[in-house]
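The block underneath contains the structure these notes are about, expressed in structure tokens.
The values are calculated or read from the model by the stated rules, or taken from the named source; none is laboratory data. This is a predicted model, so every value here is computed, not measured. Every residue, glycine as well, gets a Cβ built from its backbone with ideal geometry; the counts of neighbours run over all protein chains shown. Protein only, heavy atoms only, side chains kept; ligands, DNA and RNA dropped before computing areas. Shrake-Rupley method; radii C 1.70, N 1.55, O 1.52, S 1.80 Å.
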Amino acid sequence: MNYSLNKIIPFLSLRKKLIIAFALLSTIPLLIFGIVGIYKSMESMREIALENLSHDVAIYNERTQNFFTTVSNDILYISRSSGFKNFIKETSSGEFNENKNSFILITKQIQDLASSKGIYYQVRYVENEHGELFRIQQIDSIFSIIPSYKLSEGNFKYYFTLTKNNNKSTISIAPAEMVGDSGQMVAVISFAVKIFDSKNDFSGILIADVFANNLFKVLEDKGHYSNGLEIAIVNSEGHYLYHSEKKKNWNSLLARQAEDNIIDRYPKEFTKAIFSGKPGQISNGYNEILAYVPLLISPFGEGAHYFIIANVNEKFIFEPVRNFVFISLGFIVLFLIISVTLGISATNRIAQPIKELRKGAEIITQGNYSYQFKIKTNDEIEELAYQLNLMASDLARREKQII
């Protein structure tokens, strides 16, 4: 089936058809180039984003690993020291006394360690039955040994549940919020390890509470993306240990752990990949690009299963593409205006002589064979006018012969 432009748009004049042709010829190549360019740019930016995020998440993992390893080393060092073992031996045998050398030595050791590191809020030991036996706490930038009458005898069930399935070397890590001496809320990361006596019986839990701000500092650097980047640390149940967008609202992060979960945020296949224990990337079928890596908390045991996730919304990644689209549209409009202007100018050179031909043809058909076309275009239209002049002269000559 043959398609004719004249059949599709029969109501348009020749001049309008030529102007449209000029416009299409000037904009179609630009449109094709723009579409191909946008597609290629998006694919290239997606690949670069994945590479950048993978690099960033590896850096975050290294920093967080160093931070957690430092604390893990400290708490395991304390728990395995001879002074602490002597202290546990005395408490297990019922000989615990604040005036004994074992208590003085271990509390002084922890006090010196915490003072040298500067990242701890408090370090405490909670016995299985009697609550806190000691607590070294930072008060006005000084680490003080809290007197026994101020120690808590409250319920520490949370920490016993947290470490329930742990062995000697496994450290459990969880976010928490403490009430300071002035009534202020203190955001911390709690590191807890189970303590066993010389008979391998469970004795209690050693807990080190680190200022959460120290973890925030480790993850403050935005890497390759200053906007739209989210950094999160989650456990294998999907609960957040850290979230860069909620670090200023720590209480909200803790209170909403049951409902604020990445399992509810991402599709099942995404969370399955994240919890696989292998580093990877996700960029298909979602409005975010993600990179993730497992966080190995402690080299001394199985440790908790945590994962670092870096994700950025595609709108921030493809912002240069949007700029390119606007620039392309601007060029298309500019070329359209230029092409229409040139089309009008060019069609005037065609339409005006044709108009004169039509006018002259009407005069000739009315019997005025002496009419002569005066068209000087130096092209086929002038040649047509010349032939029409010959035809008019021939008709005039024949009319005279008939008369």
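Observations on the model:
- Net charge contributed by nearby residues that have their C-beta within less than 12 Å of GLY280 (K/R +1, D/E -1): +1
- Summed side-chain charge close to PHE270 - residues other than PHE270 whose Cβ falls under 13 Å, Lys, Arg +1, Asp, Glu -1: 0
- Comparing Cα centroids, the range 203-239 and the range 81-147 end up 27 angstrom apart.
- Spin-label pair ILE20-ILE139: with each label point 7 Å from Cα along the Cα-Cβ axis, the two points sit 8.8 nm from one another.
- Bins of 10 Å, starting at 0 and running to the largest distance - Cα pair percent for the range 328-403: 18, 34, 20, 14, 9, 4, 1
- With each label modelled as a point 7 angstrom along the Cα→C-beta vector, the LYS217-LYS374 pair spans 9.4 nm.
- Of all accessible heavy-atom area on the range 347-398, the percent that carbon and sulfur account for (1.4 Å): 51
- Neighbourhood net charge (15 Å Cβ-Cβ; Lys/Arg +1, Asp/Glu -1) for GLN138: -1
- Distribution of pairwise C-alpha distances over the range 37-135, 10 Å bins, in %: 13, 31, 19, 11, 10, 8, 5, 1
- Here is the list for the range 38-134: trypsin sites (Lys or Arg not before Pro) lying in DSSP coil, each with at most 16 other C-beta atoms within 10 angstrom of its C-beta, are LYS100.
- Among the GluC sites (Glu not before Pro) in the range 70-123, those located in a DSSP loop and surrounded by at most 13 other Cβ atoms within 10 Å of their own Cβ are GLU95, GLU98.
- Relative contact order for the range 172-229, counting Cα pairs under 8 Å that sit 6 or more residues apart, in percent: 26
- A convex hull fitted to the Cα coordinates of the range 139-247 yields 163 cubic angstrom per residue.
- Amide hydrogen proximity for VAL186: with H placed 1.01 Å from N in the peptide plane, the residues at 5 or more positions away or on another chain lying under 5 Å are MET178, VAL179, GLY180.
- With all protein chains kept in place, the per residue accessible area of the range 23-159 amounts to 54 square angstrom at a probe of 1.4 angstrom.
- Within the accessible area of the range 36-164, the carbon and sulfur atoms contribute 51%, probe 1.4 Å, all protein chains present.
- √(5λ) per eigenvalue of the Cα gyration tensor, the range 126-176, largest first, Å: 23, 15, 10
- For the range 104-116, the Karplus equation 6.51 cos²θ - 1.76 cosθ + 1.60, evaluated at θ = phi - 60°, returns couplings of 4, 5, 6, 5, 5, 4, 5, 4, 5, 5, 5, 5, 6 Hz by residue, with Gly and Pro reported as x.
- Segment THR69-ILE48, extension gain: residue separation times 0.36 nm, minus the distance between their alpha carbons: 4.5 nm
- Mean sequence separation of contacting Cα pairs (under 8 Å, at least six apart), scaled by the length of the range 336-385, corresponds to a relative contact order of 29 percent.
- Vicinal HN-Hα couplings computed from phi for the range 188-196 (Karplus, 6.51 cos²θ - 1.76 cosθ + 1.60; Hz; Gly/Pro x): 9, 10, 8, 10, 10, 10, 6, 10, 10
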